[in-house]
Amino acid sequence: MAKLEQGQGLKLSKQELQVLAMLRSNSKTTITKMSRRLKKPSLQVASVLQSLHRFVLKHTCLLDFEALGFKHHAFIFVRNKPGVLEFLANHPNVNQLMLSSDNIVLCQAVFKDFESLLSLENALQSIANSSVKSLHIDKALLLENIFSQQNNVLE
């Protein structure tokens, strides 16, 4: 089971990493299927799964925003000033929101049309009273990949 090693952080066992990889690649994988793939008893896999539950923030699915009609995807950077986080957290097009150690807000947002993206940027510039930088994304190449396969586990 996961154990804390001094100066190293948390160390996961091979079996825990295998279970995480299976969950990351398909969160609907059953304990029975995991048990068969790992060649371990179901109760043992269930125990490992239970121990890993503290690391799972949210069971969710990845969406193909473009297929849903959201053709414009952007990462938006703005200095965190009063009202910025609240505005972005409540905006319907915002998918992710992060704050850097130097007080810069990184917002990932998707839009059906370019005008809506520009509208958000302008509103944000007005609220923040500072410049807003955007990086418009043409195509997502890799999403949620860490711990999704046996061969790409962080060391």
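The numbers here are math on the coordinates, done by the rules we state, and not lab data. Every value quoted in this text rests on a predicted model; they were computed, and no experiment measured them. For neighbour counting, all protein chains shown are included, and Cβ atoms are generated from backbone atoms with ideal geometry for every residue, glycine included.
Rounded to whole Å and sorted largest first, list the principal axis extents of the Cα atoms in the stretch 25-98.
For the stretch 25-98, the Cα spread along each principal axis is 52, 31, 16 Å.
Do me a favour and compute the ellipsoid semi-axes for the chain from its Cα gyration tensor, root of five times each eigenvalue, largest one first, whole Å.
Computed over the chain, the values are 38, 19, 12 Å.
Sort 107-113, 52-58 by packing, meaning the average of other beta carbons within 10 Å per residue, with the highest value first.
Descending mean neighbour count gives 107-113, 52-58.
Which value results when the Cα radius of gyration for the stretch 3-57 is divided by 2.2 N^0.38 Å?
1.15
Counting pairs of Cα atoms in the stretch 72-137, how many percent are more than 20 Å apart?
Value for the stretch 72-137 (Cα pairs over 20 Å): 14 percent.
What is the fewest-to-most order of K133, K40, K71 by other Cβ atoms lying within 10 Å of their Cβ?
K133, K71, K40
Relative contact order for the chain: what percent, with Cα pairs under 8 Å and sequence separation of 6 or more?
Taking the mean separation of contacting Cα pairs over the length of the chain, I get 26 percent.
Quick one: T60, T32, fewest Cβ neighbours within 10 Å first, how do they rank?
Ordered by Cβ neighbours within 10 Å, fewest first: T60, T32.
Select from G69, V56, V105 the residue farthest towards the positive end of the dipole of the chain; place +1 on Cβ of Lys and Arg, -1 on Cβ of Asp and Glu, and compute about the Cα centre.
Ranked along the dipole, the leading option is V56.
Taking 32 Å as the cut-off for C-alpha to C-alpha distance, list the pairs among K81/K139; K28/K71; K14/K112; K14/K58; K14/K133 that go past it.
Cα-Cα > 32 Å for K14/K112; K14/K133; rest within.
With a sphere of radius 15 Å drawn around the Cβ of L141, what net charge do the other residues whose Cβ falls strictly inside it have (Lys, Arg +1; Asp, Glu -1)?
-3
Tell me, what is the percent relative contact order of the stretch 3-57, built from C-alpha pairs under 8 Å that lie six or more residues apart?
Relative CO of the stretch 3-57 lands at 29 percent.
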